[in-house]
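What follows is one structure encoded as structure tokens, with my remarks underneath.
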Amino acid sequence: MAQMETIAERRDERIDTEALAQYFLSRGFYPGAPIGVEQFPGGHSNLTYLLRVGESEFVLRRPPLGPVAPKAHDMPREFRVLQALNPAFGLAPAPALLCEDVDVLGAPFYLMERRQGLVIRRENPPEIGDDLALRRRVGEAFLDTLVRLHAVDITAPPLANIGRPEGFLKRQVTGWFERWQRSRTRELPAMDRLMAWLSARLPESPAATMVHNDFKLDNTMLDPADPARVTAVLDWEMATLGDPLVDLGIVLCYWPEAKDPLGRREAISSVTTMPGWPTRAELVERYAAATGRDVSNIAYYEVFAIFKIAVVLQQIYYRYHVGQTKDERFAAMEGRVLALVEIARDLAG
């Protein structure tokens with residue numbers, strides 16, 4: 001699927017273009033220019049729109065409708081992360097405008113530049129097709145982009161100010177445990193055992209880097225003419241400073257292989273189960289060779305990443321379960337949560 005594909009706005013998620021035009025006028029941002037809106041259909045969390053303002057195009061991001069978890073969907077923070085990061089890491093889109101006035105659209109939102117490119121989701125795109133060598137090169141380019149992100153100098157402001165790397169991993173583990181407790185809709189002993197396993201085996205982190213915190217194939221955008229060239233990295237909501245192996249664990253969690261159980265192959269996306277893609281072990285080896293970091297404890301980070309996805313999907317299902325959203329896509333989320341918990345439990349042993 002190409003990221004440029006959009007749909008008409010969903011009925012309950014329409015943007016108030018009149019209020020938006022008034023806000024633009026007050027900020028001197030393309031005053032009086034006609035506004036056109038379409039919606040990007042992907043994703044289950046923040047709402048993302050293609051905004052045409054006169055002859056220019058932007059991407060508008062705002063939180064989902066209804067109540068959200070504390071500290072989640074922080075659009076002003078994501079805007080400021082992009083402000084700090086874009087000059088040092090050009091694959092992060094440049095932000096254009098921030099609105100913190102909730103009276104405009106009902107929640108804070110921001111605009112960023114629109115990047116064009118190919119996004120691989122649940123289907124193998126025709127731009128890659130059956131070219132096995134190209135699949136490998138795409139996988140390697142994706143991994144090399146993470147290496148490049150982790151090499152960004154974070155020692156000076158403004159990047160030095162966007163996170164607290166000391167104690168990052170422990171806070172992450174504790175915070176995700178709390179998110180699970182707030183969103184649980186049933187007793188799940190397997191999840192309790194998994195949380196105990198993660199607490200007991202907390203590793204010592206390497207030196208801190210920039211951390212994307214959701215680094216996966218469909219958060220990268222590729223050049224359709226040369227899919228082995230990354231043109232953008234998207235979705236910086238959870239980016240911070242901390243343990244870089246958290247990102248590598250996320251890569252592994254979202255990278256199923258043909259030999260994996262059906263639940264793991266289908267819980268996320270089965271694209272990388274096709275011939276030609278690098279294996280998880282090859283990605284880890286490539287990362288270790290490029291960075292010199294010790295990856296001997298990477299299994300912990302992979303389990304933690306799968307646990308986090310289960311919690312994210314549970315949070316989405318919880319909103320549907322209690323009636324905060326009527327989006328029928330979310331009705332089947334509980335089944336995916338249960339499958340992911342079993343996958344993480346089996347990996348933990």
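Bear in mind that the values in this text are calculations on the coordinates, not laboratory data. In this text the structure is predicted, and so the values were computed from the model without any measurement. Cβ atoms come from the backbone with ideal geometry, glycine included; neighbour counts cover every protein chain shown.
Look at LEU85, LEU347, LEU143 and count the other Cβ atoms within 10 Å of each Cβ; fewest to most, that gives LEU347, LEU143, LEU85. Annotation for segment 113-192: trypsin sites (Lys or Arg not before Pro) lying in DSSP loop with at most 11 further Cβ atoms inside 10 Å of their Cβ are ARG186.
Couplings 3J(HN,Hα) of segment 114-124, computed from phi: 8, 9, 9, x, 9, 10, 8, 10, 9, 10, 6 Hz, in residue order, whole Hz [Karplus 6.51 cos²θ - 1.76 cosθ + 1.60, θ = phi - 60°; x for Gly and Pro]. Loop-resident GluC sites (Glu not before Pro) (DSSP state other than H, G, I, E or B) in segment 45-125 with no more than 13 further Cβ atoms inside 10 Å of their Cβ: GLU55, GLU100, GLU123. Between the Cα long axis of helix 280-291 and the first principal axis of the chain there is an angle of about 80°, rounded to the nearest 10.
Relative to the longest principal axis of the Cα atoms of the chain, the long axis of helix 189-200 makes an angle of roughly 80 degrees.
Taking 25 Å as R0, compute the FRET efficiency from the Cβ-Cβ separation of ASP131 and GLU57 and round it to 0.05. The computed FRET efficiency comes out at 0.25. With the simple model of a label 7 Å out from the Cα in the direction of the Cβ, ASP101 to GLU18 spans 1.6 nm. Between LEU25 and GLU113, what's the calculated FRET efficiency when r is the beta-carbon distance and R0 is 22 Å? Round to 0.05. Calculated value: 0.55.
Projecting the Cα atoms of PHE215, VAL147, LEU313 onto the charge dipole of the chain (Cβ charges, centred on the Cα centre) puts LEU313 farthest toward the positive pole. Using the beta-carbon distance between ALA290 and ALA88 and R0 = 22 Å, what value does 1/(1 + (r/R0)^6) give for FRET efficiency, to the nearest 0.05? E(calc), rounded to 0.05, equals 0.75. Fully extending the segment from ARG11 to ILE35 would add 6.8 nm, taking 0.36 nm per residue of separation and subtracting the current Cα-Cα distance.
Lys-Lys pairs in the chain that are eight or more residues apart or on separate chains and whose Cα atoms lie under 27 Å of each other come to 10.
The H on the amide N of LEU97, modeled in the peptide plane, is under 5 Å from the matching H of LEU111, each at least 5 residues off or on a different chain.
With each label modelled as a point 7 angstrom along the Cα→C-beta vector, the GLU204-GLN181 pair spans 2.9 nm.
Residues in segment 10-19 carry Karplus couplings, in order, of 5, 3, 8, 10, 6, 8, 7, 5, 5, 5 Hz; the curve used is 6.51 cos²θ - 1.76 cosθ + 1.60 with θ = phi - 60°, and Gly or Pro positions show x. Remark: segment 45-57, residue by residue, has Karplus-estimated 3J(HN,Hα) of 10, 5, 8, 10, 10, 8, 10, 9, 10, x, 9, 9, 10 Hz, where x stands for each Gly or Pro and the curve is 6.51 cos²θ - 1.76 cosθ + 1.60 at θ = phi - 60°. The trypsin sites (Lys or Arg not before Pro) of segment 212-266 meeting both criteria, a DSSP state outside H, G, I, E and B (loop) and at most 13 other C-beta atoms within 10 angstrom of the site's C-beta, are LYS259.
Using helices alone, I'd like the mean residue ellipticity at 222 nm for the chain: each DSSP H run of four-plus residues gives -39500 (n - 2.57), total over residue count, nearest 500.
Roughly -12500 deg cm²/dmol at 222 nm, from the helical runs in the chain.
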